[in-house]
Amino acid sequence: MSVRAAASTTTLNPATRAWLWGGSAILVSGLLRMLEALPLTAMVGSGPVTLMAATAFALGVVILALGVRRQGSLVARSGLGMTAMFVLAALDIVQAAIVELFPSISPHLRDAVTGLSDGVVLLQLAAAVVASLVIARAGAVRGALRWLPLVALACVVALQVLVRVVLQARGGLALSGPDVLVVTQVAIALLTSTLGLTLMLASPRAAQAARDE
């Protein structure tokens, strides 16, 4: 059975694999972000979870930008689209590193670091909007599904902006309890997971789109 499963996986169309692998990585990122909002992270530390979630997201975005064997790219390998997706992936890791290192930063430097973090979030928003618009127009994603990245990514980054506003108001410290910060983190995780799962379920469409190109 395992041999048959492996054989069936290797015979998948490269475009289908791109959406399946990229969507899986983004789904894992969303699940890790959900873990980040749970009390369990108090025992293992939220920093590693934050970085793992960002790394998984970045990996998924890069796969979806490049495709597999030049097939399955959400932006049809457009230079502008790939650049925007690469920037989005890199900045997510940068933002995760800032979040992890923030508690160890000297208090007199926290305002500057917070400003830097806010700038990173704004750049993420710009990259997400550019990438999503290219996806909507490139033709690699068909039907109403082509608008999903624009909606999901814009919502995720907008929620991240809200997180930064809340953290800045609290001096960079998160309060315990089901407050707006926790709810926002859960919402980001759900949006990320939904995007990844949708790409996985829609991955067979990638093969048809690749044949039509």
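The values are calculated or read from the model by the stated rules, or taken from the named source; none is laboratory data. Being a predicted model, the structure only gives us computed values, none of them experimental. Positions of Cβ are backbone-derived with ideal geometry, glycine not excepted, and every protein chain shown enters the neighbour counts. Ligands, DNA and RNA are stripped out before the accessible areas are found, and what is left, the full protein with its side chains, is counted by its heavy atoms. Shrake-Rupley method; radii C 1.70, N 1.55, O 1.52, S 1.80 Å.
Quick notes
- Relative contact order of the range 60-168, taken over Cα pairs closer than 8 Å and 6 or more residues apart, is 29 percent.
- 13 Å beta-carbon shell around residue 52, net charge (K/R +1, D/E -1): -2
- Summing charges over all other residues whose Cβ lies under 13 Å from the Cβ of residue 146, with Lys and Arg as +1 and Asp and Glu as -1, gives +3.
- Residues 184, 194, ordered by accessible area of protein heavy atoms at a 1.4 angstrom probe radius and largest first, appear as 194, 184.
- Computed log₁₀ I(q)/I(0) - Debye formula, equal Cα scatterers, no solvent, the range 59-166, q 0.13, 0.17, 0.20, 0.21 Å⁻¹: -0.51, -0.77, -0.96, -1.03
- For residue 68, the residues whose amide H sits under 5 Å from its own are 18, 73, ignoring neighbours fewer than 5 places away on the same chain, with H placed 1.01 Å from N.
- Using the 1.4 Å probe convention, the accessible area of the range 61-119 works out to 50 Å² per residue with neighbouring protein chains retained.
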